[in-house]
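Since the structure comes first, as structure tokens, the remarks are kept for the end.
The values are calculated or read from the model by the stated rules, or taken from the named source; none is laboratory data. Everything numeric in this text was worked out from a predicted model, so none of it was measured. Note: ideal-geometry Cβ built from the backbone for every residue, glycine included; neighbour counts use all protein chains shown.
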């Protein structure tokens with residue numbers, strides 16, 4: 001064994017608690033319309049009480065709060081040039097008065113970078129994730145190959161970005177910035193509640209032939225409503241084991257007024273499914289251990305628009 005290899009093997013490994021980020025993705029919040037919290041927030045707090053005591057647990061609710069910035073939309077820079085899509089996103093910045101952005105105001109890029117694992121909880125809305133979660137993941141396109149050197153393109157020069165992308169230098173710059181982390185997804189839904197008739201069609205629909213329950217998306221497996229988010233993570237080097245991607249049926253056959261967070265916690269099967277998901281998350285993240293380099297990744301996820 002050469003001296004350099006011996007010295008490298010003798011270096012102390014990073015020692016710190018496991019760091020995880022929990023995200024509640026429902027849009028509903030109690031301090032504004034509709035005046036009631038979404039179930040995701042209740043589930044997030046249930047999860048907080050169930051995870052290992054020695055972990056450093058961060059959590060954020062990206063729901064719509066009255067007077068609070070929303071997640072700004074992705075501008076699709078990557079469609080012009082991958083090198084124009086900057087990591088972290090520089091289309092917006094923190095504390096902007098003209099384009100306030102929840103992603104930056106909540107320091108989500110840094111918090112995602114700091115964590116070894118993410119746990120994302122949200123409802124199924126119209127066969128997909130909420131607008132809030134979809135907007136967040138659209139803005140995370142930059143974690144997959146985004147440009148870490150906006151100075152090389154004068155922050156946002158289209159022509160310079162296209163030239164950079166075509167150059168050999170780009171192959172050394174582009175990378176998956178959050179590679180190696182684990183993500184877990186838990187989604188839930190009432191599959192139409194009491195709005196369906198006996199054959200699975202909407203009761204108030206006049207043209208019943210236009211809706212075929214047999215042709216609904218996912219073949220009845222509503223876990224797949226979150227498949228776009230799961231595959232975006234996997235594409236970007238984020239590990240999403242199948243066991244950490246789950247769905248629970250909640251409020252089946254009920255009126256929406258009778259399908260609130262307080263009602264949800266009385267549904268034993270759904271809560272057992274959620275608790276099993278939390279426990280599986282705990283076991284998996286513990287066994288995997290810490291992701292090296294999160295401190296450096298967090299440092300590199302700071303805004304370049306200041």
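Across the range 193-222, what is the total count of residues that are closer than 23 Å to residue 41 by Cβ and either exposed (fewer than 15 other Cβ atoms within 10 Å of the Cβ) or touching a helix residue (DSSP H, G or I) at 6+ places or on another chain (Cβ under 9 Å) (or both)?
Qualifying residue count, the range 193-222: 1.
Can you find, within the range 28-42, the residue that is modelled with the highest pLDDT among those that are in contact with a strand residue (DSSP E or B) (Cβ under 8 Å, 6 or more places away or on another chain) and not in a helix (DSSP H, G or I)?
38
Among (1) over 28 Å from residue 20 (Cβ atoms); (2) out of contact with any strand residue (DSSP E or B) (no Cβ under 9 Å at 6 or more places or on another chain); (3) surrounded by 16 or more Cβ atoms within 10 Å (Cβ to Cβ), which single condition is residue 139 missing?
Failed condition: (1).
For (1) touching a residue at least 60 places away in the same chain (Cβ under 8 Å); (2) closer than 30 Å to residue 190 by Cα; (3) over 14 Å from the mean Cα position of the chain (by Cα), each residue gets a yes or a no:
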{"site": "84", "(1), (2), (3)": "yes, no, yes"}
{"site": "97", "(1), (2), (3)": "no, no, yes"}
{"site": "112", "(1), (2), (3)": "yes, yes, no"}
{"site": "130", "(1), (2), (3)": "yes, yes, no"}
{"site": "138", "(1), (2), (3)": "yes, yes, no"}
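For the range 193-227, enumerate the residues that are touching a residue at least 60 places away in the same chain (Cβ under 8 Å), assigned to a helix (DSSP H, G or I) and out of contact with any strand residue (DSSP E or B) (no Cβ under 7 Å at 6 or more places or on another chain).
Once the filter is applied, which keeps residues that are touching a residue at least 60 places away in the same chain (Cβ under 8 Å), assigned to a helix (DSSP H, G or I) and out of contact with any strand residue (DSSP E or B) (no Cβ under 7 Å at 6 or more places or on another chain), the range 193-227 yields 217, 218.
How many of the residues making up the range 43-76 are free of Cβ contacts under 8 Å to residues at least 24 places away in the same chain, farther than 29 Å from residue 271 by Cβ and either touching a helix residue (DSSP H, G or I) at 6+ places or on another chain (Cβ under 9 Å) or part of a helix (DSSP H, G or I) (or both)?
Counting residues in the range 43-76 that are free of Cβ contacts under 8 Å to residues at least 24 places away in the same chain, farther than 29 Å from residue 271 by Cβ and either touching a helix residue (DSSP H, G or I) at 6+ places or on another chain (Cβ under 9 Å) or part of a helix (DSSP H, G or I) (or both) gives 1.
Among the residues of the range 77-99, how many are assigned to a helix (DSSP H, G or I) and surrounded by fewer than 22 Cβ atoms within 10 Å (Cβ to Cβ)?
The total comes to 3.
Identify the single condition in (1) in a loop (DSSP other than H, G, I, E, B); (2) in contact with a helix residue (DSSP H, G or I) (Cβ under 9 Å, 6 or more places away or on another chain) that residue 122 does not satisfy, given that it satisfies every other one.
Condition (1) is where residue 122 drops out.
Determine which member of the set 173, 178, 152 is surrounded by 22 or more Cβ atoms within 10 Å (Cβ to Cβ) and in contact (Cβ under 8 Å) with a residue 12 or more places away in the chain.
That would be 178, the only listed residue that is surrounded by 22 or more Cβ atoms within 10 Å (Cβ to Cβ) and in contact (Cβ under 8 Å) with a residue 12 or more places away in the chain.
How many of the residues making up the range 228-243 are crowded, with 16+ Cβ neighbours inside 10 Å, in a helix (DSSP H, G or I) and touching a helix residue (DSSP H, G or I) at 6+ places or on another chain (Cβ under 8 Å)?
Total satisfying the criteria: 2.
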